[in-house]
Amino acid sequence: MILNKEIIERFLKNQSTQKEQELIEAWYYSFEKNLDGIGQMTDEEQLQLENELYLKIKEKISPAKKTPTRQINWFWYLSSAAAMVLLAFGIWTYNTSTKSIQSLSGIPFSGWAKYENISAKELKVTLPDGSLVVLLPKTQLSYNQSDTRFREVNLSGEAFFDVMHDATRPFLIYTGKMTTKVLGTSFTVKAYPSMKKSEVSVVSGKVTVYEKDAESKHNNGVILTPNLKVTFFDEEEHFVTGLVEKPEVLTSIKKENISFNFKDASLNTVLTTLEKAYGIEMVLENESLGNCTLNGDLSEMPLFTKLDIITRSLNATYLVKGTSILVSGSGCE
């Protein structure tokens, strides 16, 4: 069987036979094995090429009106003829997945645009409001283009968000039973369907996380600041807050060129510096421990490496307790 225009048209209308579907899908998957060594384009060039290809294909085939699927990460590898079949596969995927995406938030699907990263690399997407989203592999994202009150997103998978500030239009992310609300900030959301939980880790700004039906349950959720994260367990329907895996120095502090080179500094001074730099509360179990002095340059080290060196030099220990760090030891006179 030879791939031709008639087969593609039937595929777009969901009228193709099993053999025709297998032919198109086999053709599509043959490209995934031959992508190495091909030149790369910028995200803007990819989007431009995608739009041009879509217009050409629409003119040649004239399919029924549909919202285009934005599987932009692999369009640019292909020739115009190849892109025609690939877009057909993408529209078919869009139609068959509409029901599952709509059920995430209960919002009508009309006016939503879908992005999907089926590659093995991160995919950068710029939303209409200017917000940047970095989709990890096997991640799907849909954006409500028709709502003028909110900026709404459905997410399945993992993505980093750098949201453009807009006080008049909150940015809402739906992941299973959890909703994340922001005005403008950067953070990561992780919510693969198989996990049965959702995680939000904040890099900058402030994020509010709550259950979808929080109003009916009188549950206001939690507020997160930089270097904090929350996990919402779907079955138990509760939140657990903690620290992110790799805390970073706050953006505002980086501009101050804060120093981690300590000379005859008391532990109180050292921990106060770390608390200011990372926005994480540091607690001493024994007040006399704060009198111990330290010497050393802890610059260019992750926070937990800094704490390892500090506590070992004082024969002390530290423990992450929720969103705080507790330092314990015998202390110094």
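The values are calculated or read from the model by the stated rules, or taken from the named source; none is laboratory data. None of these values were measured; they are calculated from a predicted model. Counting neighbours? That spans all protein chains shown, and the Cβs are built from the backbone with ideal geometry, glycine included. Each accessible area value is taken on the protein alone, full model and side chains, heavy atoms only, with ligands, DNA and RNA left out. Shrake-Rupley method; radii C 1.70, N 1.55, O 1.52, S 1.80 Å.
Table for the structure above
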item: Test: residue in region 317-326 that is at pLDDT 95 or above, in contact with a Phe, Trp or Tyr (Cβ under 9 Å, 6 or more places away or on another chain) and either acidic (Asp, Glu) or open to solvent by less than 30 Å² (accessible area, probe 1.4 Å) (or both); result: yes
item: Candidate set: region 116-140, residues that are open to solvent by less than 10 Å² (accessible area, probe 1.4 Å) and hydroxyl-bearing (Ser, Thr, Tyr); chosen: the one nearest to PHE161 (Cα to Cα); result: SER131
item: Filter result (crowded, with 18+ Cβ neighbours inside 10 Å and free of Cβ contacts under 8 Å to residues at least 40 places away in the same chain) within region 141-154; result: LEU141, TYR143, ASN144, ARG151, VAL153
item: Matching residues, region 224-248, being at pLDDT 90 or above and open to solvent by 80 Å² or more (accessible area, probe 1.4 Å); result: GLU245, LYS246, GLU248
item: Evaluation of PRO137 against (1) more than 13 Å from the chain's Cα centre (by Cα); (2) part of a loop (DSSP other than H, G, I, E, B) (one fails), failing number; result: (1)
item: Filter result (modelled with pLDDT of 90 or more, open to solvent by 40 Å² or more (accessible area, probe 1.4 Å) and hydrophobic (A, V, I, L, M, F, W, C)) within region 172-213; result: VAL203
item: Subset of region 280-306 (residues that are more than 21 Å from THR225 (Cα to Cα), open to solvent by less than 40 Å² (accessible area, probe 1.4 Å), within 33 Å of the chain's Cα centre (by Cα) and not basic (Lys, Arg)); result: LEU298
item: Cβ pairs under 8 Å, 6+ apart, first in region 284-309 and assigned to a strand (DSSP E or B), second of a type in the set (Ser, Thr, Tyr) and open to solvent by 50 Å² or more (accessible area, probe 1.4 Å); result: LEU294/SER313; GLY296/SER313
item: Entirely in region 199-279, the helices (runs of 4 or more DSSP H) that have 2 or more residues that are closer than 23 Å to LEU155 by Cα; result: 214-217
item: Members of region 249-274 that are open to solvent by 50 Å² or more (accessible area, probe 1.4 Å) and under 17 Å from ASP308 (Cβ atoms); result: none
